[in-house]
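To keep things clear, I will list the structure first and then write my remarks on it.
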Amino acid sequence: MSETQLESLTAFFRANVPERAMQGFTSLIDEMRIIPAAKDLGLGQYRQAVIRYSAQLAWERFPYRLCPPQLLVSLMEAWLDDYGSTVMDELGITDAEPDWDVSPEDEETAVVVLTMPLIEELVIRQDENGAVPWRGERWSLVDPEVLTAFSATVFSTDPAGAPVGDA
């Protein structure tokens with residue numbers, strides 16, 4: 001499986017925040033809930049549920065005089081725009097706003113805590129060597145595979161058809 005949203009968000013901050021500002025940085029999962037959202041995804045894939053959790057990222061001694069806190073907010077918004085979850089839209093989850101808590105420690109540093117609701121699909125595919133026994137079969141956890149059609153031909157009453165896309 002590829003990385004989780006928390007791993008992606010953590011890596012994004014590590015790659016884009018100056019090293020000095022990443023001292024005392026931690027990221028963890030908090031308040032995990034399972035949302036029933038069973039769905040046959042095709043291609044032998046089945047979504048059993050959706051895992052919703054709060055990602056908590058914290059900077060214990062963020063040097064707000066050397067690195068503007070606005071950078072963290074801007075990076076969060078950029079990550080959401082590029083990597084935000086379409087599953088949240090599909091399930092109608094609209095309360096997925098980041099929560100920022102900033103507590104100055106002294107004239108130079110602050111404790112910054114970002115709490116962000118994230119969501120992961122729990123998708124399995126039939127696999128004789130899989131770790132999950134379910135419905136009399138063995139299954140493996142997988143990233144959902146999505147096939148996208150880039151062209152097609154639509155037939156109606158005219159046998160010539162009409163191209164769609166780059167056909």
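The values are calculated or read from the model by the stated rules, or taken from the named source; none is laboratory data. Small disclaimer: the values here were computed from a predicted structure and weren't measured. Ideal geometry is used to build each Cβ from the backbone, glycine not excepted, and the neighbour counts take in all protein chains shown.
For the reader, a short list of remarks on this structure follows.
- L57 vs. criteria of a type in the set (A, V, I, L, M), modelled with pLDDT of 90 or more and farther than 30 Å from P133 by Cβ: yes
Matching residues to (1) at negative phi; (2) out of contact with any helix residue (DSSP H, G or I) (no Cβ under 6 Å at 6 or more places or on another chain); (3) of a type in the set (A, V, I, L, M):
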| site | (1), (2), (3) |
| --- | --- |
| A21 | yes, yes, yes |
| D30 | yes, yes, no |
| I34 | yes, yes, yes |
| P63 | yes, no, no |
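- Residues that are of a type in the set (S, T, N, Q) and farther than 25 Å from W139 by Cα, drawn from the range 9-56: T10, N16, Q23, T26, S27, S54, Q56
- All positions within the range 118-150 that are surrounded by 14 or more Cβ atoms within 10 Å (Cβ to Cβ), of a type in the set (D, E, K, R) and either in contact with a Cys (Cβ under 6 Å, 6 or more places away or on another chain) or not in a strand (DSSP E or B) (or both): D127
- Within the span defined as the range 31-53, every residue fails to be farther than 30 Å from L147 by Cα and in contact (Cβ under 8 Å) with a residue 24 or more places away in the chain.
- Note on the range 122-143: residues that are touching a Ser or Thr at 6+ places or on another chain (Cβ under 9 Å) and in contact (Cβ under 8 Å) with a residue 24 or more places away in the chain amount to 4.
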